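The values are calculated or read from the model by the stated rules, or taken from the named source; none is laboratory data. Predicted model, so just to flag it, every value in this text is computed and none were measured. So basically every Cβ, Gly included, is an ideal-geometry build from the backbone, and we count neighbours across all protein chains shown. SASA here: full protein model, heavy atoms, side chains in, ligands and nucleic acids out. Shrake-Rupley method; radii C 1.70, N 1.55, O 1.52, S 1.80 Å.
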Amino acid sequence: MTTALRRYPVLIALVLAALFMVVPFLIVAVNAVKSPAEYSANGPLSLPEGLYLDGIKDFWERVDFGQKLVNSVLISGSVAALAVVLSVLNAYAIGIGRIRGRTWVLAFFVLANMLPQEALVYPVYYLSKEAGLYDTRLSVIIVFTVIQAAFGTYLLSSVLGQFPREIIEAARIDGANKWQVLWRIVVPVSRPTLGVLLVFFFIWTWNEFLLPLVMLISNDNQTVSVALGVLQGQRLMDATMTNAAALLGVLPALVFFLAFQRTLTRGIAVGAVK
């Protein structure tokens, strides 16, 4: 009975937190399928009288949303995969290889991860101009791969620092070299943690706005988040189309999150058990 009573505040807090996150999404979804006249007459909190999809269709055609979707998937997917690989290589050297000065190296990665993106805008803009990569998707992929890998290296270094040394020593006695130890032992054992990083890197990159806004000025190279911001700045959308745009912008990331939900849960559970 006492245990049950102790759980109620936690359950209430979880329900309130869930409502706080779900209700705005529901309001966006409801208003995305309203007509502008219905929205003006009944307000944003009323239920739709029918299914009005012209706002979604108009926004899709106006910003060429299919191309923006391809750009976002390409950039976010590439960054997630490359950042995980780079994080594994860095963390293997720091956590298991125990290179000299690894504390200072980790401090450098933490510092790089804490820098605000506003401080990186001009250096990244200047370097991409000098390298001839400005206004290309490759420039954004490189920048965010480095940024995400800084966090991944810091996290994985702590995980691999606790990796059982007996397993590595046994593999070396059996004749495995460093690459074989990494790809055949360390990576498979760390797969749940790598899966969590992959999901987070994809969603974090998908939601990025400032650096893609500065780095991708061509309409053909822009991402979903940039397209939403630029079109709203032009004041060409009414309230229902704004909600339709928000719904289209968040749906791909939501689908990706749900598709990899089991991977995310497994990775967090493994970390909790450790």
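Structural remarks
Residues are listed down the side, and each one gets a yes or a no for (1) out of contact with any Phe, Trp or Tyr (no Cβ under 6 Å at 6 or more places or on another chain); (2) of a type in the set (D, E, K, R); (3) farther than 30 Å from Q67 by Cα:
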position	(1), (2), (3)
V121	yes, no, no
V146	yes, no, no
L156	yes, no, yes
R172	yes, yes, yes
N177	yes, no, yes
I185	yes, no, yes
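- Test set (1) closer than 20 Å to L211 by Cα; (2) open to solvent by less than 20 Å² (accessible area, probe 1.4 Å); (3) among the polar types (S, T, N, Q) - T136 fails condition number: (2)
- Any hit, the range 85-105, residues being farther than 30 Å from A37 by Cβ, touching a helix residue (DSSP H, G or I) at 6+ places or on another chain (Cβ under 6 Å) and among the polar types (S, T, N, Q): yes
- Residue in the range 121-135 that is modelled with pLDDT of 85 or more and over 25 Å from N219 (Cβ atoms) present: yes
- So K129, is it surrounded by 13 or more Cβ atoms within 10 Å (Cβ to Cβ) and out of contact with any helix residue (DSSP H, G or I) (no Cβ under 7 Å at 6 or more places or on another chain): no
- Among helices (runs of 4 or more DSSP H) entirely within the range 1-95, having at least 3 residues that are touching a residue at least 24 places away in the same chain (Cβ under 8 Å), among the polar types (S, T, N, Q) and surrounded by 14 or more Cβ atoms within 10 Å (Cβ to Cβ) singles out 65-91.
- Matching residues in the range 100-126 - criterion: being open to solvent by 70 Å² or more (accessible area, probe 1.4 Å) and either among the hydrophobic types (A, V, I, L, M, F, W, C) or in contact with a strand residue (DSSP E or B) (Cβ under 9 Å, 6 or more places away or on another chain) (or both): W104, F108, L111, M114, L115
- Filter result for L197 (open to solvent by less than 20 Å² (accessible area, probe 1.4 Å), over 14 Å from the mean Cα position of the chain (by Cα) and not hydroxyl-bearing (S, T, Y)): no
- Among the candidates P252, P188, the residue that is modelled with pLDDT under 85 and open to solvent by 20 Å² or more (accessible area, probe 1.4 Å) is uniquely P252.
- A150 vs. criteria within 14 Å of L197 (Cα to Cα), buried (at least 18 other Cβ atoms within 10 Å of the Cβ) and touching a Leu at 6+ places or on another chain (Cβ under 8 Å): no
- Once the range 204-228 is narrowed to residues that are part of a helix (DSSP H, G or I) and either open to solvent by 30 Å² or more (accessible area, probe 1.4 Å) or without any contact (Cβ under 8 Å) to a residue 12 or more places away in the chain (or both), the residue that is nearest to V255 (Cα to Cα) is W204.
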